[in-house]
Each structure stands twice: as C-alpha cells, then as structure tokens.
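Student: Quick one: structure below, then a few questions.
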Amino acid sequence: MKERFRLVQLGNRGGTFYCKDIITGSRTSLQTKDRAEAERLVLHKNEALRHPLLNRKIGMAYLAGTDSAITKRTWQDVMDDIIKDKQGPTLRRWRTAIRDTAFKSIRHRVVIETLPEDLLLVLRSGKVCTNVYLRRLQNHCLGMGWLPVPILPKKLFPKIVHGEKRAITWEEHCKIVARECNPERRDFYELCWHLGGSQSDIAALKAEDFDYEKRSFFYARKKTANMGGTKLGVSAWQIIERRPRVGPLFPYLITVREADRATEFRQHCAGLGIEGVTLHSYRYAWAERSANAGYPERYAQRALGQNSKIVHRAYARKAQGQLPSLEDYEDIVSAGKMMVLQSETEPPSHFSN
C-alpha cells in the first residue's frame, strides 16, 4: 500500500522538514530539523490512516501517562469542577445551566472521547443558554489541559442570537405602580424608572450610597464593579426620603433572589396584560429616554456604569433618525454648501428658558 504522507526537506527553508500529502499536494511543517524525529512523525501519520482505532488507543495511553484521570473524566466532572469556584448569583446561574436537559447526551461521556457530532447534537437540541455554557465548558477543558485541541472549533458553534428586548413605556410603568399595593415594591419600581439600574443594583442600594446634602448617589455595579451614579431629580429624591436613612433602602427585596423578583414582576405584568417586558426593561427605557432627550452619551455611560451595551444601542438607534440621507448630503455639497450636525455627545452650549 502506497503511503499517503512522505517526508520532504526544503533547503531554502533552513533545512526544516515537511510532511507532504501526495493526494492534495499540501505541505505541513513538522517544526523540526532532526531527520529521525521527522521520520517518526510521518510514520505515525501514515499509521493513523491504516489503524485509526488502534492509534486512538495508543494516543490515550500516552495522554494517561501525564493525566491519570483523562480516560475517565466526564463532562459532569467538568461541570462539578467549574462550580467549585463560583459564588452568589453566578453559582445559581451555573447550577441552573448544567441542569439543562440538552446536556443529557454527553453528561456521562468521557471528555477526551467526545466527537464533534456529540457537541452538535447538544447544540441542536438546546437553546441560546446551551450554546453559551457549552462554549464555556469546552474552554475550561482547554484551559485545564484536559483537551489537547478543541473538539468543536469556535467557528462551528452557532452564532449567539438573543431574543429582542424592549423598553418599558411610561404608560406601562404607571399601570404597574398604580396596581402595586406594597410600598417597598412600589418604590423599587419607581427607582428603577428614575435610576435605570439593574434590578440587583437597585435592590442592593443602601442609605450610605446617597449624599443627602447634594442629593446624589454613587455605587459599584454588582456585575462589573464599575462605578455609576448621578444627582437626583425632585421626583426621585422624594422616593429616597420615604426609604430608611440607615442600611438597605429595601430591607425585604434585598433578601429576595433575582429570579423571584423577576417572577413577581412578570406576574404583575400578566395581570395587567403587559407583554414583552422584564425588570431589565427599565434599564432600556432609561437609556432610550436619555438618547431622546439629547443627554450626552458619556453622561449616560457614567450614570449606568461604563461600557453599557444598552446605552450604545439606544444612542445608535437615535442617531439613525438624525443622520441625513446620502442623497440630501450630495445635493447640499454640490450646491457649495456645508451641512453641520450637532454632536450628540456634547452638552448643549446654553439652555433656553
């Protein structure tokens, strides 16, 4: 049987040995100038074609010499190892994610024996969350040295596409507040509207985060630790004055899990016939309000926490309606005129009375 791979050496490449595929004509550098080592590598490539199953077992034996658990480590073991270092909400999200039924087909499969088809089956039977966490599982294995190469290359993973989210409207917010009988929860929704923070950040606010003389607040986001805060208007400050002056502003809600707060809000919306909004919709609403009002983008970034994607999206959407068409721009330029656009990111030079 004619060998598919053969050894070649190019003198103009510094004497480096290459492995040539006689079928495709392609050459692959063996990264060595030692003939004995190069011949051995080519021999193994040809052997792998003749005896794929046998060579897989030989490769497993070599790997087991450096990691005794590599032939027994399953994906469930990987999941258990990851959550050891997680805490708080992140731990709860991971525990929920690994219970996904889409992982059933690989949960007890040995990692090193997993094939690309196995991961594709998981992705096809799962959702967006499955895609996100399967990537993290494979990356953890690569980082720990439990996989020599990715089982499924990054480019073969489906693109992560989240469902469309929308902002809550002022009318919807008023309906929710009007129906809420619990003073603490009502003030919580009101502050979400005025401050635009995430539900976890708003629920965790303390009286010590506020400057009662300057009527402002300053806090670190729980998710990113980025700092945010602004001065407060009259309506927002009236809410602060109703809350405790020491400790948490929301003594009960700070003890409630994020998922439970979200469920309560969803139930309120369902009772009012409001669809398509979550507590995070308050954050979208704040960003869109600031963009529509011409609030400088850098101010919005500081208020919500730097590098907020929500702010970028809201301001980009607003800009689409303000940019002139190319046709109009060409007509103005051809007439010898100049079109000057007021920058969205700059504060106004003066305020009219």
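The values are calculated or read from the model by the stated rules, or taken from the named source; none is laboratory data. Note that the coordinates shown come from a computational prediction; the quantities given were computed from them, not determined experimentally. Every residue, glycine as well, gets a Cβ built from its backbone with ideal geometry; the counts of neighbours run over all protein chains shown. Note: accessible area is taken over every heavy atom of the protein model, side chains too, but ligands, DNA and RNA are not part of it. Shrake-Rupley method; radii C 1.70, N 1.55, O 1.52, S 1.80 Å.
Student: Of all accessible surface on region 6-52 at a 1.4 Å probe, what whole percent is carbon and sulfur? Provide the component values of the computation, followed by the final result.
Tutor: Details: 1560 of 3200 Å².
Carbon-and-sulfur percentage of accessible area, whole number: 49.
Student: On to the next question. Which ³J(HN,Hα) values, rounded to whole Hz and listed in residue order, are derived for region 177-186 from phi using the Karplus coefficients 6.51, -1.76 and 1.60 in 6.51 cos²θ - 1.76 cosθ + 1.60 with θ = phi - 60°, glycine and proline given as x?
Tutor: 3J(HN,Hα) across region 177-186, in whole Hz: 5, 5, 7, 6, 8, 7, x, 5, 5, 5.
Student: Tell me, what is the per residue accessible area of region 169-223 in Å², probe radius 1.4 Å? It would help to have the intermediate numbers written out before the result.
Tutor: Values: 2760 Å² over 55 residues.
Normalised by residue count, the accessible surface of region 169-223 is 50 Å².
Student: Take the cross-link list Lys165/Lys223; Lys2/Lys45; Lys33/Lys154; Lys86/Lys159; Lys72/Lys127; Lys72/Lys223 and give me the ones stretching past 24 Å between alpha-carbons.
Tutor: Working: Lys165/Lys223 19 Å; Lys2/Lys45 13 Å; Lys33/Lys154 32 Å; Lys86/Lys159 26 Å; Lys72/Lys127 28 Å; Lys72/Lys223 36 Å.
Result: Lys33/Lys154; Lys86/Lys159; Lys72/Lys127; Lys72/Lys223 exceed 24 Å.
Student: Is there a quick way to get the dipole size of region 123-195? I mean about its Cα centre, with the Cβ of Lys and Arg at +1 and of Asp and Glu at -1; what is the value in debye to the nearest 20? Write down the numbers at each step before the final one.
Tutor: On the way: 13 positive and 7 negative charges, 135 e Å.
Charge dipole, region 123-195, about its Cα centre: 660 debye, nearest 20.
Student: Still on this structure, I have one more. Report the one residue of Tyr219, Val149, Ile202 whose Cα lies farthest in the direction of the positive end of the charge dipole of region 138-227 (charges on C-beta: Lys and Arg +1, Asp and Glu -1; origin at the Cα centre).
Tutor: Val149
Student: On the accessible surface of region 145-301, probed at 1.4 Å, how many percent belong to carbon and sulfur atoms? Could the numbers behind the result be given before it?
Tutor: Details: 4590 of 8540 Å².
Accessible surface attributable to carbon and sulfur in region 145-301 totals 54 percent.
Student: Once you charge only the Cβ atoms, +1 for Lys and Arg and -1 for Asp and Glu, what is the size of the charge dipole of region 200-309 about its Cα centre, to the nearest 20 debye?
Tutor: Working: 18 positive and 12 negative charges, 44 e Å.
With only Lys, Arg, Asp and Glu charged at Cβ, the dipole is about 220 debye.
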